[in-house]
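These notes are about the structure you will find just below.
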Amino acid sequence: MKAASDSPPGQLDLHPGHERAEAKIRVEGLEYRYRPRGRDDVVALHDVDLEVRRGEFVSVVGPSGCGKSTLLRVIAGLQKPTEGRVRLRREEPASPLVAPVFQEYSIFPWRTVEANVRLGLDAAGIDRREATRRVHRWLDRVGLSGYEKAYPGNLSGGMKQRVALARAFVVEPEILLMDEPFAALDAQLRKVLQEELLAIVREHQHTVFFVTHNLDEALLLSDRIALMSARPGRIRELIDVPFGHPRQPELRQDPEFVRMEEVLWSKLRGEVQQVAGGAS
Ligand SMILES: Nc1ncnc2c1ncn2[C@@H]1O[C@H](COP(=O)(O)OP(=O)(O)OP(=O)(O)O)[C@@H](O)[C@H]1O
Ligand SMILES: [Mg+2]
């Protein structure tokens, strides 16, 4: 096999052998340029460097259109960088390295809840009985027991998003990539799912890369927050979240939490104003 350091720019190297032990995701000198037909290129990301350590929860916040989803899709291997590279460190050969969860419930309406959750397991050739056991365990964990045979059309938005979460968790990925997974939900439900996610991630020691517009959510869930600049997106600042685990939602009332939310907003405001003012 070719050494990771010899990989050409843009290659997603799933088997690097010699980077520092703790980096689970490493993004180096990343540029992503969209090349729409008949229009000027759009430089969505420029010179992005980021490291996410094993078991770390890193959120990305930034103004609309700054390239958050692009960054997530490049990390997921769904889009190839135009410059630079992404390296993901695989430690469990038996489980999938990444599982993405998107804002829109990316589940199939013609499949039952159970069949949706099962998809990744069938694709991975997991033994049928083991697959059934895991599907039921995760449906139970996300509060969907009893809905196995239901179709997504008969479920509320929150339940659909639980199906999407169960589908990501059931394959037992090393890395969860989540793009505004709760953005379409009402505020109460969002809080419930945030708490569930905190508990699950803590229990399973996932490494998480999480995109959100919501500073409160980023603070409650994350170990570090990457603040992105307006397009072309780059990481403007990495902020350590000074709260330990386990975390309870009451943390929101902590004066330090409130203070940090204000600090984050003061840092982000300029970038958001730049976008709102029409600058590009
Ligand atoms: N297929 C495409 N062709 C051209 N430009 C694109 C394409 N997809 C995205 N872009 C542009 O790239 C930039 C980054 O888009 P991206 O969706 O990554 O931003 P984002 O930070 O996720 O935005 P939001 O906060 O609205 O979700 C935006 O300016 C967007 O308009
Ligand atoms: Mg987005």
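The values are calculated or read from the model by the stated rules, or taken from the named source; none is laboratory data. From a predicted model like this one, the values you see are computed outputs, not experimental measurements. All Cβ positions, even for glycine, are placed from backbone atoms using ideal geometry, and neighbour counts span all protein chains on display. Only protein heavy atoms, including side chains, enter the accessible area calculation; ligands, DNA and RNA are left aside. Shrake-Rupley method; radii C 1.70, N 1.55, O 1.52, S 1.80 Å.
Per-structure values
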quantity: Residue under evaluation Arg162, criteria (1) in a helix (DSSP H, G or I); (2) touching a strand residue (DSSP E or B) at 6+ places or on another chain (Cβ under 7 Å), criterion not met; calculated: (2)
quantity: Filter result for Gly55 (within 16 Å of ligand 2 (Cβ to nearest atom) and under 24 Å from Leu219 (Cβ atoms)); calculated: no
quantity: Per-region count, the range 246-266, residues under 22 Å from the mean Cα position of the chain (by Cα) and open to solvent by 50 Å² or more (accessible area, probe 1.4 Å); calculated: 4
quantity: Qualifying residue in the range 112-132 (condition: part of a loop (DSSP other than H, G, I, E, B), surrounded by 15 or more Cβ atoms within 10 Å (Cβ to Cβ) and at pLDDT 95 or above); calculated: yes
quantity: Residues being away from ligand 1 (no atom under 11 Å from the Cβ) and either touching a residue at least 24 places away in the same chain (Cβ under 8 Å) or surrounded by 19 or more Cβ atoms within 10 Å (Cβ to Cβ) (or both) - total across the range 47-82; calculated: 19
quantity: Any chance Arg85 is away from ligand 1 (no atom under 11 Å from the Cβ) and open to solvent by 10 Å² or more (accessible area, probe 1.4 Å); calculated: yes
quantity: Among the residues listed as Leu198, Leu185, Leu189, the single one being open to solvent by less than 40 Å² (accessible area, probe 1.4 Å) and either in a strand (DSSP E or B) or farther than 17 Å from Glu56 by Cβ (or both); calculated: Leu185
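Residue-wise test of (1) touching a Pro at 6+ places or on another chain (Cβ under 8 Å); (2) part of a helix (DSSP H, G or I); (3) within 16 Å of ligand 2 (Cβ to nearest atom).
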residue	(1), (2), (3)
Leu177	yes, no, yes
His213	no, no, yes
Glu217	no, yes, yes
Ala226	no, no, yes
Phe257	no, yes, no
Leu264	no, yes, no
